[in-house]
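These notes concern the structure reproduced below.
The values are calculated or read from the model by the stated rules, or taken from the named source; none is laboratory data. Not measured: the values here are computed from a predicted model. Here Cβ is always computed from backbone atoms with ideal geometry, including for glycine, and neighbour counts include all displayed protein chains. Ligands, DNA and RNA are stripped out before the accessible areas are found, and what is left, the full protein with its side chains, is counted by its heavy atoms. Shrake-Rupley method; radii C 1.70, N 1.55, O 1.52, S 1.80 Å.
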Amino acid sequence: MRKLAFVPALMAGTILLAGCAGEPASETASTAHAPETATADGGEARGEHSADDGHDHATEHYDGPNVTWDAAAEAKVKETAAKAMRLFGRPGVEEKKWFSELAPLLAPEYAEDAKYIDPARVPITTITDGPSISREAENPMTVTASFYTNDGPWDMMLHRTGQDAPWLVTSISSKASQ
């Protein structure tokens, strides 16, 4: 009987001692924080790069999928945007042909909407300038391509899901309708 009373006491003692031991060395090493230093503007530096740190920032890298923005990405999105706008602005083309030639450049969601566009009602016949590309600095996956046409300025949104994924059109609209 005395042996059975001893087992719970031994287990309680083991648990208490384990709690006093602290964190294992492997956990403390993985949760250690980098030292922080104050900067002149009151912020805190964490080893970040600045424009004058001697590094080449021509290619930007981001968290998430390995996607970068560089000259090749810009050239590819301009090529896709120009082709899509040329195919979009053809009011004299039969509807099925118009859509079948444009569809491979469209994101699936926009392709569903574009099925119902009557090309005869698209007022663009000539692109006079563009595309000019703009994007948010931290987003190498979505851009706006701006064009000037015989009908005034138009915008096209394009998106890609990865570095080697194709740029796909997610919207085309006249700036007058925005």
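Is there a residue being part of a strand (DSSP E or B) and within 26 Å of the chain's Cα centre (by Cα) anywhere in region 100-108? Within region 100-108, one or more residues are part of a strand (DSSP E or B) and within 26 Å of the chain's Cα centre (by Cα).
Does residue 74 count as open to solvent by 60 Å² or more (accessible area, probe 1.4 Å) and at pLDDT 95 or above? So residue 74 passes the test.
Residue 80 falls short on exactly one of the conditions (1) assigned to a helix (DSSP H, G or I); (2) open to solvent by 70 Å² or more (accessible area, probe 1.4 Å); (3) under 19 Å from residue 162 (Cβ atoms), and that condition is (2).
Checking the stated criteria, residue 118 turns out not to satisfy the condition of being out of contact with any strand residue (DSSP E or B) (no Cβ under 7 Å at 6 or more places or on another chain), loosely packed, with under 11 Cβ neighbours inside 10 Å, modelled with pLDDT under 95 and more than 17 Å from residue 169 (Cα to Cα).
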